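The values are calculated or read from the model by the stated rules, or taken from the named source; none is laboratory data. Note that the coordinates shown come from a computational prediction; the quantities given were computed from them, not determined experimentally. Here Cβ is always computed from backbone atoms with ideal geometry, including for glycine, and neighbour counts include all displayed protein chains. Calculation scope for accessible area: heavy atoms of the full protein, side chains included, ligands and nucleic acids excluded. Shrake-Rupley method; radii C 1.70, N 1.55, O 1.52, S 1.80 Å.
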Amino acid sequence: MGTQMKDVVIKPDAPNALILDKHADYIAAYGSKRDDYEYTLSEYLRMSGIYWGLTVMDLMSQLPRMNCEEITEFIKSCQHECGGISASIGHDPHLLYTLSAVQILTLYDNVQAVDVDKVVEYIKALQQEDGSFAGDKWGEIDTRFSFCAVATLALLGKLDAIDVNKAIEFVLSCMNFDGGFGCRPGSESHAGQIYCCTGFLSLTGQLHRVNADLLGWWLCERQLPSGGLNGRPEKLPDVCYSWWVLASLKIIGRIHWIDKAKLRAFILACQDEETGGFADRPGDMVDPFHTLFGVAGLSLLGEEQVKPVNPVLCMPEDVLRRIGLEPDLLN
Amino acid sequence: MGDHTHDPFMGDISDMIEQEFQLREAQKQRPLQEQERKSLRLEALICYRQTLIDLQTQMWKDEKKAQLRSANIAFQKQLLQLKRMHGRLKVKSTAQQEEEKRKEREKKLKLYVTARDVCFSKRKEGVFDEEALQLTQQLLSSNPDFSTLWNYRREILMHLETVREEDDVQKIYESELSFVERCLRQNPKSYGSWHHRGWVSARLPRPDWARELSLCDRCLSLDERNFHCWDYRRVVVRMSGVAVDQELRFTDRLIGSNFSNYSSWHYRSTLLPLLHPESPEPPSPTPQPAKASPPPSPQTNNHRVCEEQLLKEYELVQNAFFTDPNDQSAWFYYRWLLGRAEREEMISCVYVSREVERVAVCFSKPVHARAVGLMLVLDGQPQRVEWRSVHPRLRHSPVWVCDLPPSTISDIGNEHNLTVHWTEKHTRRDCALYSGRTQSWCRDSATDQELFRSELSVEKTSVLQSELQSCNQLQELEPLNKWCLLTIILLMRALDPLGYEKETLAHFQTLKEVDSMRSAYYSDLCSKFMIENTILKMEYAEVRVFSISDKKLSTLCHLDQLLLVTHINLSSNELERLPPQFCMLQCLEVLEADNNSIEDLEGVYQLPKLEEISLKNNKISKMEDLAPLASCPKLRRLDLRGNPVTQMANFLSDISELLPSVTELLL
């Protein structure tokens, strides 16, 4: 019955230097594969895909390589009558993609491209009586959507449009015995969910209600001997948790509780030296999602070749400075 | 699905593939090897796909849906089989392979896009028929995250509800559940499939929650950590009124078969407080409608577990960690069990200074004073004062101050009575300032409140003692087990924090060595415990001097407990900063923090009584790092020897300009 530690071994010949040029080329070329089968299969999350690509390009100071006009037009055509924004044309609006769209437009300093008042109305209408948020009109409840709602509104400077106190009480009701957070009250803690909830509490000025020492312990125990981070106990490491765990630790002021050098080595080992891009684990297939979270993780670790990233919104700090948004962090 | 081999349509397809193959074979004009034949057969099959797509379009019109579906499936199977053989037998040049792959994908793409577009256009035209159900089913089977298609299905199902008899509706929804189950088997972690299952279950005219619960059982037996399934289980339990103790027995069973099951331990943490609450619900003055308030979290005060049950849990957890001392699940759970209740919400201290004409209030938790209804009454008169946090960066703080109007209390011959009301919590604290006194305070100290000890009652110390003994036994067997070491430290603190200080420090040293990746965590935790011990020692000695030098402190905490401290000595530690919370030390007169690595003095801000600062041998390197000191009106002595900033050009003139009141400057 003995527990076997789930982890990976980093090979001695794994990449150990950051190859930014290749990553930029990989992302720049990704959008041109529109006739690709896999690309079409991921249409249901296209808006988030564009956000991942553009954000990592901006962090690498390569945003001008992307087609601003075409993307803006695309986003405009994805806003629906109700105000919500969908992942792609023909798909239904959802908070997930509404946030991604507003993040993209913020990168481009052009939120007015969509009907902002309608976006606000859309979000407001999705708040439930208990303070939670449904992802769309079909009623799935999740603390991810609480984060999407306040993050979008904070970027638009309209946080007061919703019942913030009720929203806070709902998120706090999802706090667990280990200090972490799950999808709904009673759900198990998960690093992705913890990121959403600590980010939510940062944007709503309630970080003092987190049990930071307890949660920080759970989070730093996510680091495995390989240096990588997992998202829950007894799970494999994955580059995307370099973001979710690390950003949460940064938000609660305890990023120094993990071994930064070992995590950096793990993230670098997940690069593909041939194609560019990052995979979830060394040797796996790369994708834009892990490429953003690999680069953003390195930024939080102090990598100077990329721009500083904001741990709450996963956007470049200079962009948030421009709109005057400075989410709280514990110190 | 049934057997479709006798489908006439399938026969056509097979014939056409065979013809195509024979044609290709004939073109070669020579006898072929087996490998080549298989390769040609595959080409024939691939080339036939376009025909299939064309047929498909035709068939939709002809409503030959079943035939189409079976044909499609049979085709996929053949293709898969051939591909497998192909991959094993033939090694081709990369370019050729790539080209073949590309063509295959192109065709797959066409098929997918065609089906998607038909779905979209049907929906746009408001068509809610069974054909649409089948099309979305095909697409969702391979791509269950395509949430818009689930939405379309729900629209269709809702439409069918209005036009069909109840029995029909029941059947439709039951077949929908079968479909979702197939999706879940293929992809048990799809948010969309699980949400749809919950949606369908709730709409079923005659729901069968027992079946749903058994689905959860089966799913969790395949993956006991699938949080989607656990969440769905909680829905089923709630909807069907499964008893809490039944669910607790379910976790008994799972934990019994595998201790290393974090999800089950988590579930226990939510069930136990419901089943064995520490005390009955406190009567709420304004009962809230149950619907509007979410269930309480296991982190909150009144959802702890009664002591009797706690003892049983200790035993269960011990079984777990003696069986597998490296499994973190049980240790995390054990730490929760050992944890203390949240502090009572109260005003823990009121301090008033005649000289500064200021009142400082300390709360048991961080608050926003302007939002919680804080009121100051002086000699029976409510005062109009402006409460402010001790530091602008602390919007929520345990310590708030206000300045009284000039000359209100300055006459030393007068006696004054103050009351601070925390109206939101219906609580208050009085404080009398007698004549002849320059200051006064009223408080519950950390020792009074047993702040840093376990919440278990004193009578049960024997229980903790026996827990400690067990852990010590385990540690003898596994001297380097970090979980066991940390737990021993926690137990020692619950029992006798000062008595065990030396052993605690030794265990922390071992922890930093055996788990070096987390050494900063252990340093910070050890610092916290040493600060707690120093506060206890200070309070037993009834002094206002806090001295904690040479203890490897890496961080500061509990600074709200130091509101009354006049002298602090933090020298020879590993501190890098004096954080904003430092200005909770509202009575501080002398600050010593020599021989640290301090580069940030943000918290040395508006300390009304601070006169002397010694910061020898630190890392202050910039003039602006010293800026906060200018807000301390009484500062007259400053020792900065051994800091890089003193080496800067013009330092002397800059500092005289910044801090004109400092008369004794040591550089």
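Some values worked out for this structure:
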read-out	value
Selection count, region B:406-424, where residues are acidic (Asp, Glu) and more than 28 Å from residue B:345 (Cβ to Cβ)	2
Filter pass, residue A:246 being within 12 Å of chain B (Cβ to nearest Cβ), modelled with pLDDT of 95 or more, in contact with a Leu (Cβ under 9 Å, 6 or more places away or on another chain) and open to solvent by less than 10 Å² (accessible area, probe 1.4 Å)	no
Residue list for region B:627-666, restricted to those being loosely packed, with under 15 Cβ neighbours inside 10 Å and touching a Phe, Trp or Tyr at 6+ places or on another chain (Cβ under 6 Å)	B:631
Filtered residues of region B:350-390 (kept if closer than 25 Å to residue A:207 by Cα, open to solvent by less than 40 Å² (accessible area, probe 1.4 Å) and more than 32 Å from the chain's Cα centre (by Cα))	B:360, B:387
Some residue of region A:157-167 being modelled with pLDDT of 95 or more, within 14 Å of chain B (Cβ to nearest Cβ) and touching an Asp or Glu at 6+ places or on another chain (Cβ under 8 Å)	yes
Strands (runs of 3 or more DSSP E) fully within region B:539-655 counting 2 or more residues that are of a type in the set (D, E, K, R)	B:637-639
Elements of type helices (runs of 4 or more DSSP H) in region A:19-85, at least 1 residues being at pLDDT 95 or above and surrounded by 20 or more Cβ atoms within 10 Å (Cβ to Cβ)	A:20-30, A:46-59, A:68-78
Selection count, region B:143-157, where residues are without any contact (Cβ under 8 Å) to a residue 12 or more places away in the chain and in a helix (DSSP H, G or I)	2
Residue match in region B:480-497 (condition: buried (at least 17 other Cβ atoms within 10 Å of the Cβ), among the hydroxyl-bearing types (Ser, Thr, Tyr) and out of contact with any Cys (no Cβ under 6 Å at 6 or more places or on another chain))	no
Residues being away from every other protein chain (no Cβ under 14 Å), of a type outside the set (A, V, I, L, M, F, W, C) and in a helix (DSSP H, G or I) - total across region B:165-195	14
One residue from B:573, B:618, B:595 being open to solvent by 50 Å² or more (accessible area, probe 1.4 Å) and of a type in the set (S, T, N, Q)	B:595
Those strands (runs of 3 or more DSSP E) lying entirely in region B:389-456 with at least 3 residues within 14 Å of another protein chain (Cβ to nearest Cβ)	B:397-403
Residue in region B:536-546 that is open to solvent by less than 50 Å² (accessible area, probe 1.4 Å), within 14 Å of another protein chain (Cβ to nearest Cβ) and under 19 Å from residue B:500 (Cα atoms) present	no
Test: residue in region B:620-641 that is free of Cβ contacts under 8 Å to residues at least 24 places away in the same chain and more than 20 Å from residue B:574 (Cα to Cα)	yes
Members of region B:576-592 that are within 11 Å of chain A (Cβ to nearest Cβ), open to solvent by less than 20 Å² (accessible area, probe 1.4 Å) and out of contact with any helix residue (DSSP H, G or I) (no Cβ under 9 Å at 6 or more places or on another chain)	B:580
Any chance residue B:113 is outside any helix (DSSP H, G or I) and either within 30 Å of residue B:40 (Cα to Cα) or hydrophobic (A, V, I, L, M, F, W, C) (or both)	no
Subset of region A:104-131 [away from chain B (no Cβ under 14 Å) and at positive phi]	A:109
Unmet criterion (only one of (1) in contact with an Asp or Glu (Cβ under 6 Å, 6 or more places away or on another chain); (2) touching a residue at least 24 places away in the same chain (Cβ under 8 Å)) for residue A:258	(1)
Region B:222-277, residues that are part of a helix (DSSP H, G or I), open to solvent by 40 Å² or more (accessible area, probe 1.4 Å) and over 27 Å from residue B:203 (Cα atoms)	B:222, B:245, B:249, B:252, B:253, B:256, B:257, B:274, B:275
Hey, residue A:74 under 25 Å from residue A:196 (Cβ atoms) and of a type in the set (Phe, Trp, Tyr) or not	no
Count of residues meeting criterion [open to solvent by 80 Å² or more (accessible area, probe 1.4 Å), more than 9 Å from every other protein chain (Cβ to nearest Cβ) and at pLDDT below 95] in region B:93-146	9
Only one of B:380, B:339, B:413 that is closer than 30 Å to residue B:261 by Cβ and not hydroxyl-bearing (Ser, Thr, Tyr)	B:339
Of the criteria (1) over 17 Å from residue B:474 (Cα atoms); (2) within 9 Å of chain A (Cβ to nearest Cβ); (3) surrounded by fewer than 19 Cβ atoms within 10 Å (Cβ to Cβ); (4) modelled with pLDDT of 55 or more, which one residue B:308 fails	(2)
Qualifying residue in region B:331-349 (condition: in contact (Cβ under 8 Å) with a residue 60 or more places away in the chain, within 10 Å of chain A (Cβ to nearest Cβ) and polar (S, T, N, Q))	no
Some residue of region A:224-243 being in contact with a strand residue (DSSP E or B) (Cβ under 6 Å, 6 or more places away or on another chain) and facing chain B (nearest Cβ under 7 Å)	no
